[in-house]
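For reference, the structure is listed below as structure tokens.
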Amino acid sequence: MIRPMKEADIPAISAIERASFSRPWTKDNFRESLGLPDALFIVAQDEAGKLLGYLGMYFSPDDMGIMNVAVTPSHRGRGIGDELLTYAMDRAYERRVSQVYLEVRISNDPAKRLYEKHGLKPLGIRKGLYEDPKEDGIVMGKDIKYD
């Protein structure tokens, strides 16, 4: 099940964040983002209510930026990231944004494949974007056309 993130979810989401990234967001980062009017953070949970992943997105009038996507290591490869991204893309269409974009480590092939599945294409390289380890990032995006 996918639903909006609540403040009570932050401890579990922070644990997923720490297990997924070398420079994780803090609990305060998540609290601050939840309070922003143009931000939407969503979680994936199982039938028992255990949080399995999350995705954070920010909206401007014309675009949606995906900031964070992570799935707990024990549940990767089961389609949870795909469900989160499908939900996010549905919100982009609802808000009629013209572009969706994100950044991803150049070595993160599973994430790149997921984003490509949803129509995002490489747009450029950001040299030295990531730390621990130092690595370039790829900016990926998708233009959305409406009839």
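The values are calculated or read from the model by the stated rules, or taken from the named source; none is laboratory data. Everything numeric in this text was worked out from a predicted model, so none of it was measured. Note that each Cβ is placed from the backbone with ideal geometry, even for glycine, and that neighbours are counted across all protein chains shown. SASA here: full protein model, heavy atoms, side chains in, ligands and nucleic acids out. Shrake-Rupley method; radii C 1.70, N 1.55, O 1.52, S 1.80 Å.
What's the center-to-center distance, using Cα atoms, between segment 70-114 and segment 116-147 in Å?
Between the Cα centres of segment 70-114 and segment 116-147 lies a distance of 12 Å.
Keeping all protein chains in place, calculate the accessible area per residue for segment 5-145 (probe 1.4 angstrom), answer in Å².
Using a 1.4 Å probe on heavy atoms only, each residue of segment 5-145 averages 54 Å².
Find the all-direction average of the projected area of the Cα convex hull for segment 34-79, expressing the result in square nanometres with one decimal place.
For segment 34-79, averaging the hull's shadow over all directions gives 4.1 nm².
In Å and whole numbers, how far do the C-alpha atoms of the chain stretch along each principal axis, longest first?
So the three principal-axis extents are 39, 38, 30 Å.
Sorted by average packing, counted as other Cβ atoms within 10 angstrom per residue and highest first, what order do 120-128, 89-97 take?
In descending order of packing, they fall as 89-97, 120-128.
Just round it to a whole percent: the fraction of Cα-Cα distances in segment 57-124 exceeding 19 Å.
So the pairs more than 19 Å apart make up 31 percent of the total in segment 57-124.
For segment 88-147, build the convex hull from the C-alpha positions and give me its volume per residue in Å³.
85
Give me the compactness ratio for segment 1-79, meaning the Cα radius of gyration over 2.2 N^0.38 Å.
1.06
Over 23 Å between Cα atoms: which of K6/K127; K117/K142; K27/K127 fall into that group?
K6/K127; K27/K127
Kirkwood Rh, segment 10-54, all Cα pairs: how many Å?
For segment 10-54, inverting the mean 1/r across all distinct Cα pairs yields 11.2 Å.
Give me the dipole magnitude in Debye, nearest 20, for the chain about the Cα centre, with unit charges on the beta carbon: positive for Lys and Arg, negative for Asp and Glu.
Taking the Cα centre of the chain as origin, the dipole is about 260 debye.
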